[in-house]
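Chemist: First, the structure itself, so that you have it in front of you.
FYI, it's all coordinate maths here, none of it is from the lab. What you see is a predicted model, and the numbers here were worked out from it, not measured in a lab. Here the Cβ positions follow ideal geometry from the backbone for every residue, glycine too, while neighbour counts run over all protein chains shown.
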Amino acid sequence: MPNRKFLPLMVTVLATMVVGCDGDDKKDQFLEPEQKVTRLVAFPQAFVLKKGQVQSVNISNSVLAENVPNWKLTSLDDKSELGEVLSQDERSFDYSVENAGVGHLNYTVSDGNLTSSSQVVLAVNDGSTVGNNPPVAQNITLETNDGSNVSVDLRNFISDEDGDALQITSLISGTGRFVLAEDGYQVTFTPDDYVGIDQAVYSVDDGKGGYALAYIIVNAGDSTSANTPPEAEDQTVTMDVADKANINIDLSDLVSDADGDTLVVDNLYSTNNRAILSSNNNVVYTPGDFRGVDQFTYKVTDGRGANALATITVTVVDSAVQPEEPTLTAYPQTLSV
């Protein structure tokens, strides 16, 4: 006589076998675990510096690491001849600037399986040309989707106080999606189904020893996603260094999301490190000895694969410095009659 204690177990096993063998229309009853996307991508990073300056470079600011927590800076090759690397750790290094010009350092990051390479681009102005002001290059943000190209004319984003003729000397991109046209100013981004943030660095030369660098940042959205991307607003801020040495800029009121997603500002794009992300949505801006108009771009993400970009413009003044009063000097003259 069968043992009654095993009857429920036998029924369960048989039922499982029947379900498992009941044709292709039952395959969806066995859900495979969701596969996590892993990406390690190195992007270019840019700095405009002065001779004698020591710059700390955090490679984390230009590396996209999705589900790759243990990546490291595995190679750093200085091709610039502008100075020397003073120290290096797993994700950063210090660089001492000695010469003027434009150059780059090649860097590689890896976690042992995934590897990616890009460049840290340096532009050093030494003021050796008397009366020459370096050119100005602005960050550029572009919006598109994974199937649409987008173009920009760099002439609309560069200027020179002295009226010097400006030349785009290089366009640096680690992904190859950015192309500089033969005219030397038109840049086209081809997403080729890519979704996410991509970036390039362009350099400007005034022909008189003045240089500038800036970013081109593209937000390529997913054309098939039902998720509504977040929104980010530009802002203009004025600070007086006579009143304070730095200012806090809260970005919380500048970002929004129609779906109610939690938004996080996770990256800044700046060529001078005056703006530092101190918390999720707060930036500390410290001008140091800089006076004039500065800018940085921020990126906000909704945690669901959608992003937004916007730019903060900061005007730095010093009310403690009074303009020099004009003086009138009399000189003797000799008249011959």
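Chemist: Rounded, prolate or oblate: which fits the range 98-178 when a ≥ b ≥ c are the square roots of the eigenvalues of the alpha-carbon gyration tensor, with rounded for a/c under 1.5 and prolate only if a/b beats b/c?
Modeler: oblate
Chemist: Calculate, in whole percent, how much of the Cα-Cα pair population of the range 226-320 lies beyond 18 Å.
Modeler: Cα-Cα pairs of the range 226-320 separated by over 18 Å account for 44 percent.
Chemist: Run through every distinct alpha carbon pair of the range 191-268 and return the Kirkwood hydrodynamic radius in angstroms, one decimal place.
Modeler: 16.5 Å
Chemist: What's the extension gain from D77 to E90 if we count 0.36 nm per residue and subtract their Cα-Cα distance?
Modeler: Result for the pair: 3.2 nm of gain on full extension.
Chemist: Further question on the same structure: First measure r as the distance between the Cβ atoms of E98 and V264, then evaluate 1/(1 + (r/R0)^6) with R0 = 35 Å and state the FRET efficiency to the nearest 0.05.
Modeler: The pair E98/V264 has a calculated efficiency of 0.35.
Chemist: A further question follows. Normalising by the residue count of the range 179-258, find the relative contact order in percent from Cα pairs under 8 Å and 6+ residues apart.
Modeler: Computed value for the range 179-258: 22 percent relative contact order.
Chemist: Moving on. Gap in Å between the Cα centre of the range 73-145 and the Cα centre of the range 252-302?
Modeler: Going from one Cα centre to the other spans 21 Å.
Chemist: Rounded, prolate or oblate, given the Cα gyration tensor of the range 34-126, with a/c below 1.5 counting as rounded?
Modeler: Here the range 34-126 falls in the prolate category.
Chemist: Counting Lys and Arg as +1 and Asp and Glu as -1, each charge on the Cβ, what is the dipole of the range 129-224 about the Cα centre in debye, to the nearest 20?
Modeler: 140 debye
Chemist: At T169 and V37, where each label point lies 7 Å from the Cα along Cα→Cβ, what is the point-to-point distance in nanometres?
Modeler: If labels sit at T169 and V37, their model points lie 3.7 nm apart.
Chemist: Long-range amide H contacts for N267: which residues qualify at under 5 Å (H placed 1.01 Å from N, peptide plane, sequence gap of 5 or more or a different chain)?
Modeler: Residues meeting the amide H criterion: K299.
Chemist: Which pairs in the list K36/K79; K50/K79; K50/K208; K79/K208; K51/K208; K79/K299 are over 25 Å apart, alpha-carbon to alpha-carbon?
Modeler: K36/K79; K79/K299, as the Cα separations exceed 25 Å there.
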